[in-house]
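**Student:** Structure below; questions to follow.
FYI, it's all coordinate maths here, none of it is from the lab. Just so you know, these numbers come straight off a predicted model, no measurement behind them. Heads up, the Cβs are rebuilt from the backbone with ideal geometry, glycines too, and the neighbour counts pull from every protein chain shown.
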Amino acid sequence: MKLTTILTDQSALLALKNHVYDPENVLETNWSSSIHVCNWFRVSCGSKHHRVTALNLSGLELVGTLPPSLGNLSFLSLLSITNNSFHGRLPVQLSNLRRLKHLSFGNNSFSGEIPSWLGSLTELRSVFLDHNSLKGVIPFSLGNLSKLEILTLSGNQLLGSIPSSIFNISSLQKMDLSNNMLSGSIPSVSHVLLSIELINFNINNLTGHLSKDMFDHFPNLKELHLSANMLSGRIPMSLFKCKKLQVFSLSYNQLEGSLPVEIGNLSMLQRVYIARNHFE
C-alpha cells in the first residue's frame, strides 16, 4: 500500500489548482506552499492525523477538470465543488477516497456516465450530482451505499430504469431523480423503508401502474413528486396510510378513477397536485 503524508495532500491540491481557471484568483492568493496546507482557504484537516479531511470549493466560479491526483486525498470525508464550471468525466482515481462521506458536485458541467465505482465508496452519506450533463443509466452498484441518506441526481440526461437496488438502502431519507429521461416502471419494494421522507421522480418518462401496496413501505413519507410522467391506473389506497404526507404531486400523468375520500385522513397534507390526468 502506498504511504501518503500531508505532503501528498498538498501535492494533490496544487495539482487541482493548476487544473482550473480561477477568475477571482482565490486559490492563487490563498494556496501557497509557504503556508501549511491545513491553513489554506476552504481546506480543513483532522485533529488526530493532521491530514486534509474536507475540501469545500463551492461557488468560487472555478472552471476546469478534476485531476487524477485528487484521489490521493485518502483522509477526505467531504468534497464539495458545487456551483462552479467543472467539466469532463469523473476520474476513476476518486474511487480511492474510501473515507468519503459527502460528495457534492451539483451545478457543474460534468459529462459521461455516473461511474459504477461510486458504489464502492460505502461510507457515503450524501451524493449530489444534480444539474450536470451526465448520461447513461444509474448504476445498480449504488445500492451498495448502505449508509446513504441523500441521493440527488436531478437535472441530467439519465436513461433507463430506476435500479431496484436503491430501494434496498434502509438509511435513505431523500431521493431526487427528477428532470431526467428515466423510463420503465417504478420498482416494487418488498420491505419497509422507515427513513425515506422525500421521493422526487418528476419530469421523466416513467410508465406503468403504481403497485397497490407501494406506500405501505414508506410510513414516514412527507413528500411524493411523480408529476410529468406517463403513469397510469389508479392512485393506490396505500398512499393514504402515509400519515406524515405533506405534499403529493401526481399531475400530468394518465391516472384514472377518482380521488378517494381517504385523502381526508392526511391531517398534515398541505399541497396536492393532480391536474392533467384522466380522473372522473
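**Student:** Between Ser190 and Lys135, what is the label-to-label distance in nm when each label sits 7 Å out along the Cα-to-Cβ direction?
**Tutor:** 3.5 nm
**Student:** Candidates (i) 27, 23, 17; (ii) 31, 20, 19; (iii) 41, 18, 16; which is the computed semi-axes √(5λ) of the Cα gyration tensor in Å?
**Tutor:** (iii)
**Student:** What is the extension gain from Met181 to Tyr21, computed as 0.36 nm multiplied by their sequence separation minus the C-alpha to C-alpha distance, in nm to one decimal?
**Tutor:** Full extension from Met181 to Tyr21 adds 54.4 nm.
**Student:** What relative contact order, as a whole-number percentage, does the stretch 1-110 give when Cα pairs under 8 Å and 6 or more residues apart are counted? Walk me through the numbers before you get to the answer.
**Tutor:** Working: 212 pairs, mean separation 26.8, N = 110.
RCO, the stretch 1-110: 24 percent.
**Student:** Decide, for the stretch 76-209, between rounded, prolate and oblate: order the square roots of the alpha carbon gyration tensor eigenvalues as a ≥ b ≥ c, take rounded if a/c falls under 1.5, and otherwise choose prolate if a/b is larger than b/c, else oblate.
**Tutor:** Details: a/c = 1.76, a/b = 1.20, b/c = 1.46.
Cα axes put the stretch 76-209 in the oblate bin.
**Student:** Just report the Cα centroid separation between the stretch 77-128 and the stretch 236-259, whole Å.
**Tutor:** Comparing the Cα centres of the stretch 77-128 and the stretch 236-259, I get a distance of 34 Å.
**Student:** Ordered by packing density, taken as the mean number of other Cβ atoms within 10 Å over each peptide's residues, highest first, how do 100-106, 88-94 rank?
**Tutor:** Values: 100-106: 21.1, 88-94: 16.4.
The most tightly packed comes first, giving 100-106, 88-94.
**Student:** So what is the relative contact order of the chain, in percent, for Cα pairs below 8 Å that sit 6 or more residues apart?
**Tutor:** Details: 742 pairs, mean separation 24.4, N = 280.
Here the relative contact order equals 9 percent.
**Student:** Kirkwood Rh over alpha-carbon pairs of the stretch 130-279, then Stokes-Einstein at 4 °C and 1.567 mPa s: what D in µm² s⁻¹, rounded to an integer? It would help to have the intermediate numbers written out before the result.
**Tutor:** On the way: Rh = 15.5 Å.
Reported coefficient: 84 µm²/s.
**Student:** OK, next. What ranking, highest mean first, results for peptides 64-76, 27-39 when packing means the other Cβ atoms within 10 Å averaged over each residue? Write down the numbers at each step before the final one.
**Tutor:** On the way: 64-76: 20.1, 27-39: 13.3.
Packing proxy ranking, top to bottom: 64-76, 27-39.
**Student:** Okay, next question. Quick check: residue separation of Ser33 and Ile263 times 0.36 nm, minus the Cα distance between them. What number comes out in nm? Please report the intermediate quantities before stating the final value.
**Tutor:** Values: separation 230, 0.36 × 230 = 82.80 nm, distance 6.25 nm.
So the chain would gain 76.5 nm between Ser33 and Ile263.
**Student:** Let me ask something else about it. What is the ratio of the Cα radius of gyration of the stretch 131-192 to 2.2 N^0.38 Å, with N the residue count, to two decimals?
**Tutor:** On the way: Rg = 11.3 Å, N = 62, 2.2 N^0.38 = 10.6 Å.
Compared with the compact-globule rule of thumb, the stretch 131-192 sits at 1.07.
**Student:** While we're here: Quote the relative contact order of the stretch 130-279 in percent (integer), defining contacts as alpha-carbon pairs under 8 Å separated by 6+ residues. Mind dumping the intermediate values first?
**Tutor:** Values: 404 pairs, mean separation 23.5, N = 150.
After rounding, I find 16 percent.
**Student:** Kindly express, to the nearest 10 degrees and within the range 0 to 90, the angle between helix 6-19's C-alpha long axis and the longest C-alpha principal axis of the chain.
**Tutor:** 70 degrees
**Student:** Right, something else. At 20 °C and 1.002 mPa s, grab the translational diffusion coefficient of the stretch 1-124 from Stokes-Einstein with a Kirkwood Rh over Cα pairs, rounded to a whole number in µm² per second.
**Tutor:** Values: Rh = 14.6 Å.
Stokes-Einstein gives a translational diffusion coefficient of 146 µm²/s.
**Student:** Could you put Tyr252, Tyr273 in order, starting from the residue whose Cβ has the fewest other Cβ atoms within 10 Å? Numbers along the way, then the final one.
**Tutor:** On the way: Tyr252 19, Tyr273 15.
Exposure proxy ranking, most exposed first: Tyr273, Tyr252.
**Student:** Next up: Separation between the His209 and Glu61 pseudo-spin-labels, each 7 Å from Cα along Cα→Cβ, expressed in nm?
**Tutor:** 5.6 nm
**Student:** Working out 0.36 nm times the residue gap between Ser161 and Ser146, then minus their Cα-Cα distance, what length gain in nm do you get to one decimal? Provide the component values of the computation, followed by the final result.
**Tutor:** Working: separation 15, 0.36 × 15 = 5.40 nm, distance 2.05 nm.
Separation in residues times 0.36 nm, less the Cα-Cα distance, equals 3.4 nm.
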